[in-house]
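Here is the structure we will look at, set down as structure tokens.
Quick note: the coordinates plus some simple rules give every number you see, no bench work behind them. Being a predicted model, the structure only gives us computed values, none of them experimental. Note that each Cβ is placed from the backbone with ideal geometry, even for glycine, and that neighbours are counted across all protein chains shown.
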Amino acid sequence: MANLSGFDANQVEPNSVPPPIPAGDYEVIIVESEMKPNSKNSGHFLQLELQVLNGPHQNRKIKDFLNLDNPNDQTVQIAKGTLSAICRAVGVHTPNDSAELHNKPLVAKVVVEKNEQRGPQNKIKGYRKREPIGGGTTVPATPSGGAPAPTANGPAKAPWMRS
């Protein structure tokens, strides 16, 4: 327990929850990671906290959850595929610890999904490597909402995007 005598909530404005950032591609880094038990205690997930590096939403944080230990094999395969995309994007193909993925820039495809209990929430649908253009500079990631160009067989989907 902690002594809170002298604190008066009537004298301090409460913190508010910021709205989700707009859908788009954002340059991010992983700033924290932790393996946690799932709600049913039947497995574990890797919780990643990502920080936006630039643009109007610089320093905002987004979480992603990879169910690497789960009774559902398909859930684990999706999580492993996502982890593989992260590893390839940051150039660490065989990490021994999730901390090896920290502070290495990559691009996250962010969407906004409706959540009945909490309202709109950001969710990450995929990761890719930052692409250099001429002279080694990188394209700054900005909210685009754009999609890959359609092909003769219908709408294109970037290979790094999760469904």
| What number, in percent, do you get for the relative contact order of the range 18-133 if the mean sequence gap of Cα pairs under 8 Å and at least 6 apart is divided by its residue count? | 28 percent
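What order do you get for 14-20, 27-33 when each peptide is scored by the mean count of other beta carbon atoms within 10 Å, highest first?
Numbers: 14-20: 8.9, 27-33: 18.9.
Ranking the peptides 14-20, 27-33 by packing returns 27-33, 14-20.
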| query | Taking a 20 Å limit on the Cα-Cα distance, which of the listed pairs LYS40/LYS61; LYS36/LYS129; LYS40/LYS114; LYS63/LYS109; LYS36/LYS80; LYS40/LYS125 fall beyond it? | reply | LYS40/LYS61; LYS36/LYS129; LYS40/LYS114; LYS40/LYS125
| note | With a Förster distance of 25 angstrom and the Cβ-Cβ distance between LYS36 and ARG88, calculated FRET efficiency to the nearest 0.05 equals 0.55
| Using alpha-carbon pairs under 8 Å, 6+ residues apart, how would you state the relative contact order of the range 1-73 in percent? | 24 percent
| field | Long-range HN-HN contacts of ARG60 with modeled amide H, under 5 Å | value | VAL52
| remark: Among GluC sites (Glu not before Pro) in the range 58-123, those in a DSSP loop whose Cβ has at most 11 other Cβ atoms within 10 Å are GLU116
| task | Could you check the simple spin-label distance between ASN115 and VAL17, using points 7 Å along Cα→Cβ, in nm with one decimal? | result | 0.6 nm
| task | Please work out how much length the chain gains when fully extended from ILE78 to ASP97, using 0.36 nm per residue of separation minus the C-alpha to C-alpha distance, in nm with one decimal. | result | 4.9 nm
| note | Per its Cα gyration tensor (rounded if a/c is under 1.5, else prolate when a/b beats b/c, else oblate), the range 41-88 is best filed as prolate
| said: Can you list residues from other chains, or at least 5 along the same chain, whose modelled amide H is less than 5 Å from the amide H of ASP69? | reply: HIS44
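Assuming R0 = 25 Å, what is the FRET efficiency of GLN58 and ASN3, from their Cβ-Cβ distance, to the nearest 0.05?
Values: r = 37 Å, r/R0 = 1.48.
Efficiency, rounded to the nearest 0.05: 0.10.
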